[in-house]
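Participant: Right, I'll just put the structure down here and ask away after.
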Amino acid sequence: MFEQILDNVRQRAPLIHCITNYITTNDCANIVLACGASPTMAEAEQEAADIASVAGAVDINIGNLNTMTVRAMHRAIAAANQAGVPVVLDPVGAGASAYRMDTLREFFSAYQFAVVRGNVSELLAVGGAASNTKGVDAGAADAVTEENLEERVAFFKQLSASLGAVVSVSGAIDIIASPERAYICRNGHPMMSRVTGTGCMLSALTAAFCGANHDQILEAAAAATAVMGVAGDIARKKTEEMGGGTGTFRVCLMDAVSLMDAQTLQGGMNIEIR
Ligand SMILES: Nc1ncnc2c1ncn2[C@@H]1O[C@H](COP(=O)(O)OP(=O)(O)OP(=O)(O)O)[C@@H](O)[C@H]1O
Ligand SMILES: Cc1ncsc1CCO
Ligand SMILES: [Mg+2]
């Protein structure tokens with residue numbers, strides 16, 4: 001099924017409108033291209049609605065907010081909701097500041113999101129639980145482990161129900177939850193958290209996958225996570241062979257997403273459903 005979802009991205013090449021942070025915007029544009037979709041980064045409030053309303057999906061990332069981009073985000077999300085375009089929200093740094101939490105609260109009260117995708121500390125904060133977020137990074141104490149997996153899956157299924165959105169949580173163990181069903185993904189490598197923006201890239205990738213698969217949002221979000229995880233495994237191996245560090249790894253990760261095919265995905269992914 002994930003192979004078909006990937007194939008749809010390549011065949012349909014959806015336009016993905018991203019309003020993201022300037023730290024990782026180039027990586028987000030490149031990962032969208034790498035998977036076969038077509039990115040446009042546009043954050044002027046004057047044009048946000050025009051672009052969002054004709055996109056296959058919209059990616060909203062609150063990593064580095066300012067008054068102007070928040071205004072553009074409101075325009076883009078409202079237009080996407082009006083046009084039936086799925087919106088992926090990355091609540092970067094949720095729990096780190098009142099400004100981020102207030103902005104998220106405004107979003108959740110006014111709009112509908114297809115997927116809310118972030119690291120575990122961010123999604124604990126979104127769900128109103130105690131969060132140990134370290135700025136934009138997940139706190140070690142919040143990690144999903146084999147011991148707390150059952151409890152976390154239940155929490156994120158419930159959060160999915162209350163947000164009316166798929167909840168996609170990244171870390172060593174990824175959880176992609178709807179109210180009834182969750183995919184658990186155990187691919188990837190800790191080196192992924194030593195490169196900035198792998199989560200931002202995963203959100204952009206999730207938007208690309210949703211943009212080509214409007215009728216299967218849960219599966220599209222899980223497939224995006226599986227592709228990123230398998231790419232992380234491949235990149236780790238390549239980096240090791242080259243004796244490289246995090247810089248090499250970043251390039252290998254992009255390569256692995258661009259070269260991903262059905263067979264590699266099928267053979268590499270470690271996914272379970274609960
Ligand atoms: N310890 C780990 N082991 C395996 N994979 C990991 C690990 N940590 C992160 N990943 C993978 O890295 C990607 C990004 O996840 P992470 O939780 O670091 O996102 P993030 O905190 O939102 O990143 P950022 O905000 O820096 O862009 C996901 O594909 C995730 O599966
Ligand atoms: C480092 C950083 N700071 C704000 S956004 C961002 C990119 C990773 O989320
Ligand atoms: Mg993040």
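Participant: Taking only protein heavy atoms into account and a 1.4 Å probe, give the accessible area per residue of segment 2-273 in Å².
Facilitator: Per-residue value: 40 Å².
Participant: Give me the Debye-computed log₁₀ of I(q)/I(0) at q = 0.08, 0.14 Å⁻¹ for the chain, equal point scatterers on Cα only, no solvent, two decimals.
Facilitator: Debye curve over Cα of the chain, log10 I(q)/I(0) at q = 0.08, 0.14 Å⁻¹: -0.27, -0.89.
Participant: Please give the net charge around Asp50, taking every other residue with its beta carbon less than 14 angstrom from that of Asp50, where Lys and Arg add +1 and Asp and Glu add -1.
Facilitator: Computed value for this residue: -2.
Participant: What order do you get for 42-53, 243-254, 145-156, 27-38 when each peptide is scored by the mean count of other beta carbon atoms within 10 Å, highest first?
Facilitator: Peptide ranking by packing, descending: 27-38, 42-53, 243-254, 145-156.
Participant: Provide the percentage of antiparallel DSSP beta bridges, counting only those with both residues in the chain; round to the nearest 5.
Facilitator: Rounded to the nearest five, the antiparallel share is 35 percent.
Participant: Would you mind classifying segment 1-145 by shape? Square roots of the alpha carbon gyration tensor eigenvalues, ordered a ≥ b ≥ c; an a/c under 1.5 is rounded, otherwise it is prolate if a/b is larger than b/c and oblate if not.
Facilitator: Oblate, because a/c is 1.5 or more while a/b does not exceed b/c.
Participant: Order the following by accessible area, largest value first: Asp261, Asp137. Probe radius 1.4 Å; ligands, DNA and RNA are ignored.
Facilitator: Final ranking, largest accessible area leading: Asp137, Asp261.
Participant: Rolling a 1.4 angstrom probe over the protein chains, ignoring ligands and nucleic acids, what is the accessible area of Lys237 in square angstrom, nearest 10?
Facilitator: 130 Å²
Participant: Let me ask you something else. Using unit Cβ charges (K, R positive; D, E negative) and no other charged atoms, how large, in debye to the nearest 20, is the dipole of segment 2-273 about its Cα centre?
Facilitator: 280 debye
Participant: Tally the DSSP beta bridges in segment 92-187 and give the antiparallel ones as a percent, rounded to 5.
Facilitator: The antiparallel proportion sits near 60 percent.
Participant: Counting alpha carbon pairs within less than 8 Å and at least 6 residues apart, what relative contact order, in whole percent, applies to segment 2-273?
Facilitator: 21 percent
Participant: Please give the net charge around Asn61, taking every other residue with its beta carbon less than 13 angstrom from that of Asn61, where Lys and Arg add +1 and Asp and Glu add -1.
Facilitator: Combined, the nearby Lys, Arg, Asp and Glu give -3.
Participant: Report, to two decimal places, the Cα Rg of segment 59-116 normalised by 2.2 N^0.38 Å (N = number of residues).
Facilitator: 1.03
Participant: Where the only charges are on Cβ atoms (+1 Lys, Arg; -1 Asp, Glu), what is the dipole of segment 129-267 about its Cα centre, to the nearest 20 debye?
Facilitator: 300 debye
Participant: A further question on this structure: I'd like the FRET efficiency for Tyr22 and Glu150, computed as 1/(1 + (r/R0)^6) with the beta carbon distance as r and R0 of 35 Å, rounded to 0.05.
Facilitator: 0.35
Participant: If you look at just the Cα atoms of segment 122-274, how large are its Rg and its Dmax in Å?
Facilitator: 15.2, 46
Participant: Quick one: how many Å² of Thr264 are accessible to a 1.4 Å probe, rounded to 10?
Facilitator: Thr264 exposes around 50 Å² with every protein chain in place.
Participant: Quick one: what does P(r) look like for segment 123-204 with 5 Å bins over all Cα pairs, in whole %?
Facilitator: Spelled out bin by bin, segment 123-204 gives 3, 14, 26, 27, 21, 8, 1 percent.
Participant: With n ≥ 4 as the cut-off for DSSP H runs, can you work out [θ] at 222 nm for the chain, using -39500 (n - 2.57) per run divided by the number of residues, rounded to the nearest 500?
Facilitator: Result for the chain: -16000 deg cm²/dmol, rounded to the nearest 500.
The values are calculated or read from the model by the stated rules, or taken from the named source; none is laboratory data. What you see is a predicted model, and the numbers here were worked out from it, not measured in a lab. Glycine gets a Cβ as well: all are built from the backbone with ideal geometry, and neighbour counts include every protein chain shown. When the accessible area is computed, the model is the full protein with side chains, heavy atoms only, and any ligands, DNA or RNA have been set aside. Shrake-Rupley method; radii C 1.70, N 1.55, O 1.52, S 1.80 Å.
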